[in-house]
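All remarks here apply to the structure that follows.
Just so you know, all these numbers are worked out from the coordinates, no wet-lab data involved. Just so it is clear, the model here is predicted, and its values are computed rather than measured. FYI the Cβ positions are ideal-geometry reconstructions off the backbone, even for glycines, and counts take in every protein chain you see.
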Amino acid sequence: MAALTAPADVAAPAVAEAPRGGLYGRRRRRLRTFRFVVLSSFAAFFLIPLSAMVAFSFRGTEPGSHTISAWRQIGSYPGLLGAIEITLELALMTAVVMLVLLVPTMIWVRLRLPRLERVIEFLCLLPLTIPAIVLVVGLAPIYRQIRIHATLSALMLFGVYVVLALPYAYRSLAAGLDVIDARTLAEAARSLGAGWFTVIARVIVPNMWQALLNATLLTVALVLGEFTIASLLLYTNLQVALYEISRGSLNAGVLFSASAASLLFAFVLLFVLSYVVRARGGAGGGSA
Amino acid sequence: MAHVEPRPSGSSRRAWWTSASWTGTVPFFAYVGLFLLLPTGIVVWGAISNGHGLDLSNLKILADPTVRMAFWHSIELCSITAVVGAVCGAILSYAVATGNPNGFIRRTYLAGSGVLAQFGGVTLAFAFTAAIGPTSGFLFHASWFYSFPFGIALIYIYFQVPLMLLVFLPAVLGMRDEWREATENLGGSTWDFWHLVGGRLLLPAFLGATLLLFANALSAYATIQAWENQIPYVVPQEISKSITSEVGLASTNEAQALAFGMILLVAVVMTAYVLLQRRTSRWLH
Amino acid sequence: MKTEISGTGSSATREGVEVRLEGLRRTYGAVVALDGFDLTMVPGELVALLGPSGCGKTTTLRLLAGLEDADDGRVIVGGTDITYLPASKRNMGMVFQAYSLFPHLTVAQNVAFGLRLRGVERTERHRRALEMLELVGLSSFAARYAHQLSGGQQQRVALARALAIRPRVLLLDEPLSALDARVRSQLRDEIRRIQLDVGITTLFVTHDQEEALAIADRVGVMREGRLEQLGSPTDVYSRPAASFVAEFVGLSNRLEGNVSGGRVWVRGLSLPLVDASIPDGRVVALVRPEAVTLAAHTAGETGSLVGSVIATTFLGATSRITVDLGDVTILAQLGTAEAAAHPAGSRVSLAIRDDPVLVAEGSPGAAGDGPAAVADRA
């Protein structure tokens, strides 16, 4: 049975303030209103042009009519399907090369050469600061050489795309390594007799699959949306193809359907990714 | 006592270990060297030399009035869109951050921002054409839209705000409840908190993100290319003019000088960004 | 180690105020965090709220601080009903579990923050901040930043910051939980020393029973939103009013036994019951290790209280001996010198002191299958 102290008196001493439904209740309500207003305003702002684009893609030749021919044209419009194909292949290739290049290097550096990590980080963030347009100026002679020696069409773009993807991929992979405390895992594996290859391939990498997926999908989104370098280096990828079509006729329905499709595709990828990767705590999360 | 094997002499052992480890990083450095450092070096070298030795005469093009105009337009457009984008993005970040971490809203906004931030140029221009363009006028047709910088600025903001969300949200999430409660407990009001604590803590992150937005706008090329309406040139267009004016690809000295000018501008901005980031990561992570 | 410091004596410098919590109730949706909580704190006393996570102790503290709204009940401090007063006007000092120092301010600026909010002018508030830092022994750290301090130092700064505003009540929300063991015990005694020095009424929330027993004037053991027992550390430890308290505070041996005629029969011994009205039947009796005595066992003797020593845990002045009785394991606590007479492996016979015992909750006979479990809530 609980031993309680009895309240001394029932007569109420001076009351400080009148009740008003709770201070924190009011604050929560204000926050909810704020969120609703802000989130819906921005949603409208972002969705309006996009929905205009989608609506346009269904427009028929007579005013007021609707047709899905624009969407069907994605497959048949000269040059477009090829560009889509090449872009998707490019995305895949870039992602693979990026993973092969970056993952072993980052793990290796983290485990064996920690002092080099700052350098790697700097190099990986550098592409953010060097505008693509600038990079192209310097890449022109290099790609001229590439054209001469290896004409594998637009797929050669993977070379520079990997560099463009570095900042995003690095951040993902670094976060993944942090979360799993790679050093401790490696030490444990080494103490059990594993060689370096085993440590990297069979201990660390399998534990990083979320970060790998994150980096991959960000890379894919990047490649899908890239225009500047491809066009200036005179290759044809998805965005360049769309641009070319627009030069011919700005109102070709296929422009809008293809654009909408590519945006939607990338969005779905990233959205699904978010369910795979667990989220960190929020600003509203309370302490213990 | 157990017999202990004598260690190999210090320096030779370390050298052996070091060189083996270093070879593991060669592929990465080689790759980055070829596709990032070399092009940058080509630009910088091309701008400040004439093929034989140091020669700053190429940089004279930066004084050319058309070029100066282009730089001015760039800076004007990018500052406006950076500031407006940063403020809007910060408000949006706060709205997103205060929601459920695993909720639908946060996922959608983050995925959407990831896409819009990457997909700036071509597709976006088409979307705006559909919404506001002359022959479609789907939504409405506003002639002010075509005067620089308003129309293009609106499109820029369209991908600046998502970028701001992506960059600034982690900082907002790094704000701890304890700070708010401690401020209250010590006698502070909501205004006191934002004025003395919250605002101060988020300021470096906010400024850094604004700078990032500026650099991002500076580099934007695709958008302007695809937005076929007449607008005064900005630097990226000048560069592309320079490169493609001849048949095929060529890096003229002018192009390199212009690119060099851009590098300088962005370098200044990004250095400031990195310095601000250090504060942010110490306080908010 | 238990240092019983008495703080309820009168003192000329006593600054404390009386705190009364009446009928406090707080629910989160369907979950009842606090269910009709009553507590009256004597001026200047330190009350520790102890309990497992989710028991409502932190909720109580936050309601007192004003950081949450109560669904029902009253909070009365110094004779004034402040139930609806906003947190920022309550003038209470609070120390959080961790991370509460403002990272962009120096230690001195952190401590002076509350004074700044009250419009105290710069040199004066700096002076008072240094005074506070002196009190917690960190005056040489005034110009440092939070990230340059250890966990223990940060908490001391947090304490200085809370006290700088000369609050009427001091609130500590598990201030030591995030620290490592050695720092924890040092800081705990220091907090108590400062609290007595200043004479401020203090509410201390913790899940560590050792902490609570060591520094509190009174301990309130909580479970699921209710106060199970409120009393001095000795009372709560030696005369637990409920089996939950007996099992949460200190160690208990759980021994199967039979209730008959107001007494419980455990392994051949008849022990009095705290609650004589327990119906006859099988139960699990809770016996403190201190109530178990050992004697060297002569060969040939058998019985249900004969067994061999498995291990001895040295605790300083006392030692804890684990004895295997064949079907159960029992802990006994003796003076170390005495315990040395029964090394591991030796045969011993046990006796249990004739103190009233509590009975574990749950259906009789259903508690504990196989070897009896020893409840340890450290």
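Brief remarks on what is shown
- Inter-chain shielding of C:166-173 (mean C-beta neighbours from other protein chains, 10 Å cut-off): 1
- Taken along the Cα-to-beta-carbon direction at a fixed 7 Å, the label points for C:ASP35 and B:VAL274 span 6.0 nm.
- Residues in the range C:302-308 carry Karplus couplings, in order, of 10, x, 7, 10, 10, x, 10 Hz; the curve used is 6.51 cos²θ - 1.76 cosθ + 1.60 with θ = phi - 60°, and Gly or Pro positions show x.
- Separation between Cα centres of the range A:152-221 and the range C:232-307, rounded to whole Å: 59 Å
- Net charge in the neighbourhood of C:LEU39 (other residues with Cβ under 10 Å of its Cβ; Lys, Arg +1, Asp, Glu -1) is 0.
- For C:GLN229, distant residues with modelled amide H under 5 Å away: A:ALA3, C:VAL221
- Sequence of B:LYS60, C:LYS89, C:LYS57 once ranked by neighbouring C-beta atoms within 10 Å, starting from the fewest: B:LYS60, C:LYS89, C:LYS57
- Helix C:151-164 axis, angle to chain C major axis (alpha carbon atoms, nearest 10°): 60 degrees
- Relative exposure of C:PHE96, B:PHE104, judged by other C-beta atoms within 10 Å (fewest first): B:PHE104, C:PHE96
- Considering only chain C, percent of DSSP beta bridges that pair antiparallel, nearest 5: 75 percent
- Under-5 Å amide H pairs with C:MET94, H placed in peptide plane, nonlocal only: C:LEU171
- Kirkwood radius and radius of gyration were both taken over the C-alpha atoms of chain C, and their ratio Rg/Rh is 1.05.
- Using the Karplus relation 6.51 cos²θ - 1.76 cosθ + 1.60 with θ = phi - 60°, the per-residue 3J(HN,Hα) values for the range B:94-100 come to 5, 5, 6, 5, 7, x, 5 Hz, with x marking Gly and Pro.
- Base-10 log of normalised Debye intensity for the range B:151-222 (one unit scatterer per alpha-carbon) at q = 0.13, 0.22, 0.26, 0.28 Å⁻¹: -0.50, -0.92, -1.10, -1.20
- Taking θ as phi - 60° and the Karplus parameters 6.51, -1.76 and 1.60, the scalar couplings of the range A:258-271 work out to 5, 4, 4, 4, 5, 4, 4, 4, 4, 5, 4, 3, 5, 5 Hz in sequence order, x denoting glycine and proline.
- Exposure proxy ranking, count of Cβ atoms within 10 Å, fewest first, for C:THR293, A:THR129, B:THR210: C:THR293, A:THR129, B:THR210
- For C:SER252, the residues whose amide H sits under 5 Å from its own are C:ALA375, ignoring neighbours fewer than 5 places away on the same chain, with H placed 1.01 Å from N.
- Stokes-Einstein D (µm²/s) once Rh is taken as the Kirkwood radius of the range C:19-238 over alpha-carbon pairs, at 4 °C in 1.567 mPa s: 73 µm²/s
- For the range A:78-276, the Kirkwood hydrodynamic radius from C-alpha pairs, put into Stokes-Einstein at 20 °C and a viscosity of 1.002 mPa s, yields a diffusion coefficient of 116 µm² per second.
- In plain terms, the bigger the Kirkwood radius, the slower the diffusion; for the range C:251-376, with that radius from Cα pairs, at 20 °C and 1.002 mPa s, Stokes-Einstein puts D at 144 µm²/s.
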